[in-house]
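Read-outs: derived from the displayed coordinates by stated rules, not from any lab. Bear in mind the structure is a predicted one, so any value in this text is a computation, not a measurement. Every residue, glycine among them, receives a Cβ derived from its backbone with ideal geometry; neighbour counts consider all protein chains shown.
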Amino acid sequence: MYLVQRPRRLRQTPAVRRLVAETRLHPADLVLPMFVVEGLDEPRPITAMPGVVQHSLSSLAEAAVEAQAAGVGGLMLFGIPLIKDSIGSQATDPQGILAKGVRVLAEAVPQLPIIADLCLDEFTDHGHCGVLDARGRVDNDATLLRYQEMAIVLAEAGATMVGTSGAMDGQVAACRTALDGAGHTDTMIMAYGAKYASAFYGPFREAVDSSLQGDRRAYQQDPANAVEAIREVQLDVDEGADIVMVKPGLPYLDVLAAVAAEVTIPVASYVVSGEYSMIEAAAANGWISRKPTILEALTCVRRAGASILVTYWATEVAGWLKEN
Ligand code: PBG
């Protein structure tokens with residue numbers, strides 16, 4: 001046959017495919033989310049996320065050093081207190097578990113960016129991301145005051161960045177103002193610009209011992225909407241976000257691509273707990289091949305427009321990439 005165009009020529013050997021690859025994964029782009037639990041002596045496995053643990057303060061430090069050695073680009077920290085209450089008091093206690101965890105990380109891996117989660121859901125007894133009003137609804141503006149206090153506590157503990165994941169209106173501006181007012185002009189804000197009310201967060205509830213009553217649909221976005229995500233992201237950019245995130249990852253690649261085309265700051269994607277657990281469960285059953293599936297999933301998120309990938313596989317994948 002005489003064919004002018006033979007696209008297969010570019011796929012014939014691993015070396016050629018490597019040469020023409022449009023997207024590459026690099027350890028530096030990977031951020032590892034970690035959980036630290038108050039009062040733990042030993043790390044505790046999270047049943048719904050095989051391979052992921054709730055850390056004690058000492059195992060947190062060890063895992064951070066391991067992630068750094070693998071070349072991971074950053075760490076994200078969630079703290080789980082022993083005592084939860086209606087306003088999430090522990091979130092703003094400089095001796096609380098999250099602030100302590102941040103200090104441990106800052107000491108263990110001083111060169112690595114540390115993103116402290118800035119949200120109240122791990123700290124409230126009702127499990128919502130903010131404080132409630134008299135009618136039991138999440139009170140946006142009262143919550144912002146709590147976030148402002150939390151931002152300062154986390155910055156003072158040594159967080160390089162705060163991850164504003166609470167999905168309140170005006171949270172980026174509120175945190176920026178609070179940080180600047182306290183002299184923390186260098187503390188960055190990773191804004192969860194597009195954050196959906198997703199069932200894929202299911203396993204995370206176990207990871208943070210959350211007892212959420214109801215759901216988050218009155219503040220997180222409706223999975224049906226994409227245009228709305230652009231509005232949310234633009235607001236975060238205007239309010240001073242340094243990085244914007246789209247969350248979850250794989251089910252929202254269209255949103256990610258649209259956001260990446262829209263903004264001129266770095267874009268992150270969070271491949272969340274349920275995405276992790278789906279792949280792990282299928283692989284454990286022998287239904288899919290684990291390593292190629294993980295690499296494909298992350299490559300596709302990168303291809304869709306994320307320059308930063310937040311993933312529970314960060315350390316392991318960084319190790320694989322280093323071997324190559
Ligand atoms: C809220 C928060 C959640 C996740 C990260 N930050 C839960 C939620 O919004 O309901 C989920 C992450 C994951 O599922 O891996 N602080």
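Grab the beta carbon distance between Glu149 and Val65, set R0 = 30 Å, and tell me the FRET efficiency rounded to 0.05.
That pair, Glu149 with Val65, gives E of 0.45.
Would you please give the residues with an amide H less than 5 Å from that of Gln221, counting only those at least 5 places away or on a separate chain, with H modeled from the backbone geometry?
Distant-sequence amide H within range of Gln221: Lys195, Tyr196, Ala197.
Using Cα centres only, tell me the gap between segment 185-261 and segment 29-67 in whole Å.
Centre-to-centre (Cα) distance: 23 Å.
Sort Lys322, Lys247, Lys100, Lys84 by Cβ crowding within 10 Å, fewest neighbours at the top.
Fewest-to-most Cβ neighbours within 10 Å comes out as Lys322, Lys100, Lys84, Lys247.
If you line up the long axis of helix 140-157 against the longest principal axis of the chain, both from Cα atoms, how many degrees apart are they, to the nearest 10?
Long axis of 140-157 versus the principal axis of the chain: about 80 degrees.
Equivalent ellipsoid semi-axes for segment 251-324, as square roots of 5 times the alpha carbon gyration tensor eigenvalues: give them largest first, rounded to whole Å.
24, 15, 10
Using θ = phi - 60° and the Karplus curve 6.51 cos²θ - 1.76 cosθ + 1.60, what whole-Hz ³J(HN,Hα) does each residue of segment 73-78 get, with Gly and Pro shown as x?
Result, ordered by residue: x, x, 10, 10, 10, 10 Hz.
If I stretch the segment between Trp287 and Arg11 completely, what's the gain in nm (0.36 nm per residue apart, minus their alpha carbon distance), one decimal?
Values: separation 276, 0.36 × 276 = 99.36 nm, distance 2.68 nm.
Computed gain between Trp287 and Arg11 is 96.7 nm.
Cα convex hull of the chain: mean projected area in nm², to one decimal?
18.6
Just add up the charged neighbours of Glu239: K/R +1, D/E -1, any other residue whose Cβ is under 13 Å from the Cβ of Glu239.
-4
Set the Förster distance to 35 Å, then compute FRET efficiency between Arg44 and Glu296 from the Cβ-Cβ distance, nearest 0.05.
0.70
Would you tally the net charge around Ser210, using a Cβ to Cβ cut-off of less than 13 Å, leaving Ser210 out, and scoring K and R as +1, D and E as -1? Don't jump to the answer; show the numbers that get you there.
Values: positive: Lys84, Arg205, Arg216; negative: Asp117, Asp121, Glu122, Asp125, Glu206, Asp209, Asp215.
Summing Lys and Arg as +1 and Asp and Glu as -1 gives -4.
With axes computed from alpha carbons, what is the tilt in degrees of helix 273-284 against the longest principal axis of the chain, rounded to the nearest 10 within 0 to 90?
Relative to the chain, helix 273-284 is tipped by roughly 50 degrees.
Residue by residue through segment 211-224, which ³J(HN,Hα) values in whole Hz follow from phi under the Karplus form 6.51 cos²θ - 1.76 cosθ + 1.60 (θ = phi - 60°), with glycine and proline marked x?
10, 4, 9, x, 9, 10, 5, 7, 10, 7, 7, 6, x, 6
Once every DSSP H run of n ≥ 4 in the chain is given -39500 (n - 2.57) and the sum is divided by its residues, what mean residue ellipticity at 222 nm do you get, rounded to the nearest 500 deg cm²/dmol?
Result for the chain, helices only: -12000 deg cm²/dmol.
Using a cut-off of 15 Å between beta-carbons, work out the net charge of the residues near Ala61 (Lys and Arg +1, Asp and Glu -1, Ala61 not included).
With Lys, Arg at +1 and Asp, Glu at -1, the neighbours total -3.
Considering amide H positions built from the backbone, and no H for Pro or chain starts, which residues 5 or more places from Ile189, or on another chain, come under 5 Å of its amide H?
Result for Ile189 returns Val162, Asp242, Ile243.
Run the simple label-point estimate for Ala197 and Ile83 please: 7 Å along Cα→C-beta, distance reported in nm.
For the pair Ala197/Ile83, the computed spacing is 3.3 nm.
In segment 9-71, what GluC sites (Glu not before Pro) fall in a loop by DSSP, with at most 10 other Cβ atoms inside 10 Å?
Glu22
For Ser289, Ser198, which order do you get if you count the other beta carbons within 10 Å of each Cβ and list the fewest first?
Placing the least packed residue first, the sequence is Ser289, Ser198.
What list do you get for Trp313, Trp287, Trp320 if you sort them by fewest beta carbons within 10 Å?
Listed from fewest to most nearby Cβ atoms, that is Trp287, Trp320, Trp313.
Figure the gain on full extension for Thr185 and Glu22 (residue separation times 0.36 nm, minus the Cα-Cα span) and round it to one decimal in nm.
So the extension gain works out to 55.1 nm.
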